[in-house]
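Shown below is the structure under consideration.
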Amino acid sequence: MLSIKTLPLRNLRGYAARSAAVALFAFLTAAVLFGGTLLTSSARNSLHTVQARLGADIMVTPESAKNDFDAQTALIKAEPASFYMDAAALEQIRAIDGVERASPQLFLASAKAGCCSARLQMIAFDPETDFTIRPWIEDTDTLGEMGLMDVVIGSNVSWTSASQGDVIRFYDSDCRVIGQFAATGSTLDSAVYMNFDTCKALIQACREKGLFKYGDFDGERSISSVMVRVKKGYAAEEVAKAIRARLDGVSVVTASDMLLGLSENLSRVSGAARTLMLVLCLLGFFMAVTVFALMINERQREFATLRAMGASKSMVARVVLTEAMAANLAGALAGAVTAGVVLYAFGAFIGEKLNVRFVLPDLSQAWLPLMLSLLAAGLSASLGTLIALKRIGRTDAACALKEGE
Amino acid sequence: MKLTALSIKKDFPRAGRTSNFFTAVRETDFELCSGQMIVITGRSGSGKSTLLNMLAGLLKPSAGKVLLDGTDVYSLGDRALSMLRNRFIGLIPQSNTALNSLTVLENVVLPTVLYSPAEPPCERAQALLAQLGLGLMPGEKPGALSGGELRRLCVARALISQPGLVLADEPTAGLDDENTLSVLSLLRKSADDGAGVLVVTHEKEAERFADSVFTMNAGLLSR
């Protein structure tokens, strides 16, 4: 039934092209605002998570691993690798001034062959001295203590569900999956974590299949890396310099070096996203004002007719504002939902293309950027309408109703 | 119901100048009572439409007062004045105006839904449209109507609320003889039914329906 409340909707339908144009600009503005905000905040959160998960201030790896492992890009893109050095480095590092804790890790890359569930990086840690992985395992729902052939997997690792429990297979040896980490948005999500005994058993299985190429590997004396925590009051850079001076044949990187790649990409993408968001917001606002100014010109007589039949100025203003709000909010909602669907469905692909890793929040946490996007669209509609209404206020209804005026 | 104009005049600033005005309507007294049909004739630009718009509460006079049953309409706030116009005045504007997103029937009943949640008087609207020769097009959009049909739509819209006052600015402009006659007859019938009707027109034929005829010349109203 026709009423003053349904009039704005009727007008939106009656001027379908103009309504669609307004909604389209709101769609684009909200999609970029919502998508951009979600993407950059997710990438920033991911950086913080990786930083926290990394846990160490310094990582020491054999210099010979340079071809297989680049610490500065390892968190963004890394092929599973195996490399080893003498465990004697561990004691030498512990003896260096400024080192609070040092814990060894052992790496093994699984094969692409059918004996393995997937090509993955296996990382073994020493439960006695570890300070980087255990805290995360303790925060994760696990099926009890990590024993021999037990593993915790990264968020991107899938495994086959067996009837006796969840298992993942490496070199034809079944490992029991006792937990899975939350996503970090880094290569840590594609790794499998285990204790030294499990890793050594898998290395032995690999050897038996003739796939292990490291002849100098000594089960008792070999490690892949040493994770170092620096004492309070010491600078990681200074301690790293001291390790470099004391140990030959090692590569020493600080956490900030490792995160540099991630943060540089993040800054690049954030900067571009911010610029794009600003440009599109201004464009959206400019277009909203332009479309409304055109609309006012086109419909000046309609508004004057409403005034002549007894509509007050505030009633006409409400009709125009409701039209603007409805078109803008519908467009903005559609834009934000589309951006959300695209990001949640193709986030991994987008991250790969932008060379940025990010972990999108739960949908329940996305409401704030959603509200901000809708607010921006509403604000743009309101400002556009206010300018248009100012023009209506200046126009004399009697004059607008004259023939030929 | 009585509409009274006391010494109203209207000056407009000349375009491009700040201190020079021209007077569209010179100091005028006027009275329109229930059951009366008054016709004002005059040349284009003589001030007829300006006078009508001042009487309709759409254009504030530069001096003088417009009283509706003793109430100074320009002393009211915008909302009160708008409600008064909606309740008591049916205005047929000079131009053919309609809301393009609504149908002919919806345009006609629109004044009745501005302040009332009640069901619009569609039957009365249909009857008015039929009397004006638009009975077959209530579902059309205004864009599909000719100029003459739009003019008659404006007439139907002004009469839908059975207002106490009908102010018609060139209601027969662009109409053929037959439709001119039916519009003027309808306006006369409104007056006979108790409304005060003011018609501003070039149409000589209108004088035949009037109780009084005035002439406007260079802003001066005379009998």
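Report, in degrees rounded to the nearest 10, the 0 to 90 angle that the Cα long axis of helix A:313-354 makes with the longest principal axis of chain A.
20 degrees
If you don't mind, another one. Considering only the stretch B:2-222, what is the antiparallel percent among its DSSP beta bridges, to the nearest 5?
Within the stretch B:2-222, antiparallel bridges account for around 50 percent of the total.
If I take R0 = 35 Å and measure r between the Cβ atoms of residue B:146 and residue B:193 in this structure, what FRET efficiency does the formula 1/(1 + (r/R0)^6) give, to the nearest 0.05?
The value I calculate is 0.75.
Taking every DSSP beta bridge that has both residues in the protein assembly as shown, what percent is antiparallel when rounded to the nearest 5?
Around 65 percent antiparallel, to the nearest 5.
A further question on this structure: Any idea which of B:161, B:23, B:88 is furthest toward the positive side of the dipole for the stretch B:2-222, if Lys and Arg beta-carbons carry +1 and Asp and Glu beta-carbons -1?
B:23
Separate question: What's the magnitude of the charge dipole for chain A around its Cα centre, counting Lys and Arg as +1 and Asp and Glu as -1 at the beta-carbon? Answer in Debye, nearest 20.
Value, rounded to 20: 2580 debye.
Which ³J(HN,Hα) values, rounded to whole Hz and listed in residue order, are derived for the stretch B:147-152 from phi using the Karplus coefficients 6.51, -1.76 and 1.60 in 6.51 cos²θ - 1.76 cosθ + 1.60 with θ = phi - 60°, glycine and proline given as x?
For the stretch B:147-152, the Karplus-derived couplings read x, x, 5, 4, 4, 5 Hz, x marking Gly and Pro.
Sequence gap at least 6, Cα distance under 8 Å: using those rules, report the relative contact order of the stretch A:55-255 to the nearest whole percent.
Taking the mean separation of contacting Cα pairs over the length of the stretch A:55-255, I get 36 percent.
Along the charge dipole of the protein assembly as shown, Cβ charges K/R +1 and D/E -1, which of A:371, A:153, A:385 sits furthest on the positive end?
Toward the positive end, the furthest listed residue is A:385.
Run the simple label-point estimate for residue A:244 and residue B:6 please: 7 Å along Cα→C-beta, distance reported in nm.
The modelled label-to-label distance comes out at 9.8 nm.
At each listed q (0.08 Å⁻¹), what is the log10 of I(q)/I(0) that the Debye formula gives for the stretch B:2-222 modelled as equal alpha-carbon point scatterers?
-0.28
If you fit an axis through the alpha-carbon atoms of helix A:367-394 and take the longest principal axis of the Cα set of chain A, what angle between them do you get, 0 to 90°, nearest 10?
Value to nearest ten degrees: 20.
Would you kindly state how much longer the chain becomes between residue A:367 and residue A:95 on full extension, computed as 0.36 nm times their sequence separation minus their alpha carbon distance, in nm to one decimal?
Between residue A:367 and residue A:95, full extension yields 92.9 nm more.
Here is a follow-up. Nearest 10 degrees, 0 to 90: what angle lies between the long axis of helix A:255-308 and the longest principal axis of chain A (Cα atoms)?
The helix A:255-308 is inclined about 10 degrees to chain A.
Over chain A, what is the relative contact order in whole percent, taking alpha-carbon pairs under 8 Å and six or more residues apart?
Relative contact order of chain A: 30 percent.
In Å and from the alpha-carbon atoms only, list the Rg and Dmax of chain A.
Reported Rg and Dmax, both Å: 30.5, 100.
Distance check, please: which entries in B:2/B:189; A:390/B:10; A:313/B:48; A:112/A:209; B:9/B:60; B:10/B:48 exceed 20 angstrom between their Cα atoms?
Check vs 20 Å cut-off fails for A:390/B:10; A:313/B:48.
Further, regarding this structure: Probe radius 1.4 Å, ligands and nucleic acids ignored: give me the carbon and sulfur share of the accessible area of the protein assembly as shown as a rounded percent.
After summing per-atom areas, the C and S share lands at 55 percent.
The values are calculated or read from the model by the stated rules, or taken from the named source; none is laboratory data. Predicted, not measured: the structure shown is a model, and the values here were computed from it. Note: ideal-geometry Cβ built from the backbone for every residue, glycine included; neighbour counts use all protein chains shown. Keep in mind that these areas ignore ligands, DNA and RNA; they rest on the heavy atoms of the full protein, side chains included. Shrake-Rupley method; radii C 1.70, N 1.55, O 1.52, S 1.80 Å.
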